[in-house]
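Presented below is the structure to which this report refers.
The values are calculated or read from the model by the stated rules, or taken from the named source; none is laboratory data. Please read all numbers here as calculations on a predicted model, not as lab measurements. Glycine gets a Cβ as well: all are built from the backbone with ideal geometry, and neighbour counts include every protein chain shown.
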Amino acid sequence: MQPKRRPESATVQRNSAIIVAASFLVAVGVFLFVSKSSPLQDASEEQVRPLIRTGSKRHQSNNNDAVVAPHSAHDVTSAGNDDVLPLIAEVREHLQSVRNRMQDRPGAPQVHTPLSPNSAQHLMMNQHLPIGGHNNGGEEVEDAHSTIFVSIAAFRDVECGPSLEDMFRKAKYPHRIFAGIVDQREPGEFNLCIPQSFRDCQNQPLNSSWAAAASSSDHNNNKDKTSAETWNSTKSTFCPMDNVRTRHTLPNEARGPTFGRFVAQLMYQGEQYYMMIDSHMRFVERWDVRLLSMYAKMPTRGVISHYPSGFEPGFVLESNHDIMFMCYAHFYDGVGILRNGAKNVRNRQKRPVLQPFTAAGFLFGHSDYIFDVPFDPWLDYLFDGEEILYTVRLWTSGWDSYLPSHDIMYHFYGRPKAPKVWGTTNQWVAIQRVSQRRVLHMLKMTKPNSTIPVVDPSTETETRIFNELETYGLGSVRRLEDFWPFAHVDPIKRTSDRGFCDRAN
């Protein structure tokens, strides 16, 4: 039985709510993660196995599911957070190792120098830098060879499994999609992020070689089959479970969304593209080739990002002619934190459109961006402030944000009954405040109408604010001072306008 379509009034109401609250909701349920040693659990059963460390290297049982070491009770006044230092070092070493391997590949792509903030690229919405080998026309050019790593952080999310299944089922080339899931859950909840159909097909005698998998997209063409029947079809030679990497921990080891995104980097193995999404999404058909075709029409140092249109489980996905343009931000409290915002604009662009801000719930680009701008592990429980900080870090590192020319996926906003990470500790507000002060320090925010910094390093006692700024701070390609006028923000007066939004009309 086909689900009932949502009434039009509900759709309008939903989109209005998204504009107001998208930045507050875009990462709900994404929150995560851990840091101190705990058992390794198999993907198909809750059997405890030891996790052995030798120096910074991790030795695991031969399966896809792993647990990172849990941390001790968090002390918001702790200077060094020594309990997570081995894990942080491991992630850094892993990324460096992967980057070295990528640079050694024949024909490895070169990163281009970006245009300056005052160039035509920034002044004209529809003007793009011609890039050798890139498609600058309006037609779709199919890329059947590139691989995509998908970073997903989930907090006890019942939508995680359906999201993963929908992602693989609707990809034209699912064998080129690799998912890294940071799965925070209770014991016994091992089915939340791994669909049963994936487990079933993993037990089938399928030929999962790359050569055989190259023709394995038949399952996308038969929508009448259930997903389990699809993956187990005799015509299918691909099981998605082969491309799923997971790490999990207990909910009471939560540190917030940014730490989950940080840990997910451990599962990245050199795929050409890196996509970060929330754990409650649905996808359009052939999303992979459509996204790669879109990306081919952009300058090389660009990411595609925005707040996707909303959906609700049980309803038909609606084809939306509007799209959320991340064209403004506003100061939402007296602390000085900027909250990214978006405006519904008519979807009539043939190519991605330049915008000043990025979203955490959907971010896609060439994997070079995570080497230039690695995710920061020192932002415990941060919510408001995550997106503006990563936006500025990308921009000052020479990366531009682009609005996709059409929806690639849908996001489940709201979820009022879903478990929330802030329910795991009564200290999360105090912990988040320290993280917000780290954001304010990196963005050089001052007191209102003043040049006095909000964070004074000479008197600040929370040393976590200053941890590893040389690695996780701003870039050196562009100046922070040039970002604010580009984004129509006055950090001294703490005001902003929607001047950038007018360019999309």
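Tabulated values for the structure
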{"read-out": "Members of the stretch 311-327 found to be surrounded by fewer than 23 Cβ atoms within 10 Å (Cβ to Cβ), touching a residue at least 40 places away in the same chain (Cβ under 8 Å) and touching a strand residue (DSSP E or B) at 6+ places or on another chain (Cβ under 8 Å), listed by number", "value": "Phe311, Leu317, Glu318, Asn320, Asp322"}
{"read-out": "Asn126 being out of contact with any Asp or Glu (no Cβ under 8 Å at 6 or more places or on another chain), within 30 Å of Arg478 (Cα to Cα), modelled with pLDDT under 85 and not acidic (Asp, Glu)", "value": "yes"}
{"read-out": "Leading residue by the ranking (surrounded by the most Cβ atoms within 10 Å (Cβ to Cβ)) among those in the stretch 352-375 that are touching a Ser or Thr at 6+ places or on another chain (Cβ under 6 Å) and either more than 23 Å from Met267 (Cα to Cα) or not hydrophobic (A, V, I, L, M, F, W, C) (or both)", "value": "Phe357"}
{"read-out": "Set Gly334, Gly341: member being among the small types (Gly, Ala, Ser), closer than 21 Å to Met442 by Cβ, more than 16 Å from the chain's Cα centre (by Cα) and not in a loop (DSSP other than H, G, I, E, B)", "value": "Gly341"}
{"read-out": "Leading residue by the ranking (surrounded by the most Cβ atoms within 10 Å (Cβ to Cβ)) among those in the stretch 465-505 that are part of a strand (DSSP E or B) and either in contact with a His (Cβ under 6 Å, 6 or more places away or on another chain) or β-branched (Val, Ile, Thr) (or both)", "value": "Val489"}
{"read-out": "Verdict on Val244 being crowded, with 22+ Cβ neighbours inside 10 Å, in contact with a strand residue (DSSP E or B) (Cβ under 8 Å, 6 or more places away or on another chain), modelled with pLDDT of 85 or more and over 22 Å from His145 (Cβ atoms)", "value": "no"}
{"read-out": "Residue pairs meeting the criteria (Cβ under 9 Å; at least 6 apart or on separate chains; first without any contact (Cβ under 8 Å) to a residue 24 or more places away in the chain, in the stretch 396-412; second among the basic types (Lys, Arg))", "value": "none"}
{"read-out": "So Arg255, is it within 21 Å of His94 (Cβ to Cβ), part of a strand (DSSP E or B) and at pLDDT below 95", "value": "no"}
{"read-out": "Test for Glu140: is it surrounded by fewer than 18 Cβ atoms within 10 Å (Cβ to Cβ), touching a Ser or Thr at 6+ places or on another chain (Cβ under 9 Å) and either at pLDDT below 80 or hydrophobic (A, V, I, L, M, F, W, C) (or both)", "value": "yes"}
{"read-out": "Some residue of the stretch 424-437 being at pLDDT below 95, farther than 30 Å from Arg346 by Cα and hydroxyl-bearing (Ser, Thr, Tyr)", "value": "yes"}
